[in-house]
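Contents: one structure, followed by commentary.
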Amino acid sequence: DHMIRNEAELLHNARYIVANPLRAKLVQKIGQYPYWWCKYL
C-alpha cells in the first residue's frame, strides 16, 4: 500500500509495473509486452 505523491513517484511506479513481465521472464524484451507504450514511460 503506497500513496503516489508526485510525478516522479508516478513515473517510477509505472516503469516498475510495466517491467514486471520482464523480471518474471514472460518476455525477453520490454517491447514484447503489449502495454510497454504506457504514457508515463
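Numbers at a glance
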| item | result |
| --- | --- |
| Positive minus negative residues near Leu22 (Lys, Arg vs Asp, Glu; Cβ under 13 Å) | +4 |
| Spin-label pair Ile17/His2, simplified geometry with 7 Å Cα→Cβ offset, distance in nm | 1.2 |
| (i) 30, 22, 14; (ii) 31, 21, 11; (iii) 36, 16, 8, with the label sought being that of the calculated Cα extents along the principal axes in Å | (ii) |
| Surface share of carbon and sulfur [accessible, 1.4 angstrom probe, percent] for the chain | 59 |
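The values are calculated or read from the model by the stated rules, or taken from the named source; none is laboratory data. Since the model is a prediction, treat every value here as computed from it, not as a measurement. All Cβ positions, glycine included, derive from the backbone under ideal geometry; neighbour counts span all protein chains shown. The accessibility values were calculated without ligands, DNA or RNA, using every heavy atom of the protein model including side chains. Shrake-Rupley method; radii C 1.70, N 1.55, O 1.52, S 1.80 Å.
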